[in-house]
1. Please give the number of the condition Ala190 fails out of (1) more than 21 Å from Gly149 (Cα to Cα); (2) crowded, with 18+ Cβ neighbours inside 10 Å; (3) of a type in the set (A, V, I, L, M, F, W, C); (4) modelled with pLDDT under 85.
2. How do the pairs read when you match residues in the range 140-155 that are modelled with pLDDT of 95 or more with residues anywhere that are among the polar types (S, T, N, Q) and part of a loop (DSSP other than H, G, I, E, B), using Cβ under 6 Å and keeping only pairs 6 or more apart or on different chains?
3. So which residues in the range 71-86 are within 18 Å of Tyr5 (Cα to Cα) and either touching a residue at least 60 places away in the same chain (Cβ under 8 Å) or not in a strand (DSSP E or B) (or both)?
4. Looking at Ser98, is it at pLDDT 85 or above, polar (S, T, N, Q) and in contact with a helix residue (DSSP H, G or I) (Cβ under 6 Å, 6 or more places away or on another chain)?
5. I'm trying to understand the selection: among the residues of the range 109-126, which are part of a loop (DSSP other than H, G, I, E, B) and either open to solvent by less than 30 Å² (accessible area, probe 1.4 Å) or closer than 28 Å to Gly154 by Cβ (or both)?
6. Select from the range 127-183 the residues that are part of a loop (DSSP other than H, G, I, E, B), open to solvent by 20 Å² or more (accessible area, probe 1.4 Å), farther than 20 Å from Ser98 by Cβ and in contact with a helix residue (DSSP H, G or I) (Cβ under 6 Å, 6 or more places away or on another chain) and list them in ascending order.
7. For the range 87-98, enumerate the residues that are exposed (fewer than 14 other Cβ atoms within 10 Å of the Cβ) and not in a strand (DSSP E or B).
8. When you check Gly90 against the structure, is it at pLDDT below 90 and farther than 29 Å from Met38 by Cα, yes or no?
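The values are calculated or read from the model by the stated rules, or taken from the named source; none is laboratory data. Please read all numbers here as calculations on a predicted model, not as lab measurements. Ideal geometry is used to build each Cβ from the backbone, glycine not excepted, and the neighbour counts take in all protein chains shown. Quick note on the areas: whole protein, heavy atoms, side chains included, nothing else; ligands and nucleic acids left out. Shrake-Rupley method; radii C 1.70, N 1.55, O 1.52, S 1.80 Å.
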Amino acid sequence: DSDHYIGIELKRKAAERLVAPVNVGRTRVFDNGISGEMDGAEIRIGSRRFLERELEALGPIVQKSIPNDEEHSIVFMGFGGRLCAIFVFGDKIRKGSSVMIHQLKESGFGIFLVSGDEDKTTRQIAEKIGIEDAYGGKLPQDKVFFIEGLQRAGRGVVMVGDGINDAPALAQADLAMAVYSGGHLGKETADVTLMRGDPGQVTE
């Protein structure tokens, strides 16, 4: 029943391929994954760390064949203790992002990219749009700690996030700007909601 934009896209693709939905019970949400039960077996979807047990069961030779593309985020799925799927997600950098970052720097802002994606992926994206300070592999609470650190140093913090994993950090920031998305989970904690996917709205 998720209305997250990735969830919607997965359901659309499944419908195209005539993959019928199944009933999953006892779902639990974690910082880096989600689990549930189907036909008495556990389903787990999440990060490499969340499915560490399933990945270790493959052995080192098979593990080496798993994609490790720095430009994409890899999400794993296990069923009954065995790895059964790998999802590869990529984000397109929005047109105008580099210009927006340049404008903010010119105005004297310090810019940081803090993401739940793997560290290498995060740093590569940051480099492309002109951000020097990038930190990947961060859970929602890690983002809050990062903002608190800046605030303790006497800085006012503007947080721009899509609200999916950013709601706690948006709540902590001095000014919270949520970018509208399908689920739009950040609207309750945002001071400002950007309704278009145009990075130029931030500087406006």
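1. Here Ala190 meets the rest and fails (1).
2. none
3. The answer is His72, and nothing else.
4. Working: at pLDDT 85 or above: yes; polar (S, T, N, Q): yes; in contact with a helix residue (DSSP H, G or I) (Cβ under 6 Å, 6 or more places away or on another chain): yes.
Criteria met by Ser98.
5. From the range 109-126, those part of a loop (DSSP other than H, G, I, E, B) are 109-111, 115-118; that's our starting set.
Phe109, Gly110, Ile111, Ser115, Gly116, listed by residue number.
6. Here is the first cut: in the range 127-183, the residues part of a loop (DSSP other than H, G, I, E, B) are 130-132, 136-139, 153-157, 162-166, 173-174, 180-183.
If we keep only those that are open to solvent by 20 Å² or more (accessible area, probe 1.4 Å) as well, we get 130, 132, 137-139, 153-156, 162, 164-165, 174, 180, 182.
So of that shortlist, the ones also farther than 20 Å from Ser98 by Cβ come out as 137-139, 153-156, 164-165, 174, 180, 182.
Selection gives Gly137, Asn165, Gly182.
7. Here is the first cut: in the range 87-98, the ones exposed (fewer than 14 other Cβ atoms within 10 Å of the Cβ) are 87-93, 95.
If the condition is that a residue be exposed (fewer than 14 other Cβ atoms within 10 Å of the Cβ) and not in a strand (DSSP E or B), then Gly90, Asp91, Lys92, Ile93, Lys95 are the ones that fit.
8. On the way: at pLDDT below 90: yes; farther than 29 Å from Met38 by Cα: no.
So Gly90 does not fit the description; no.
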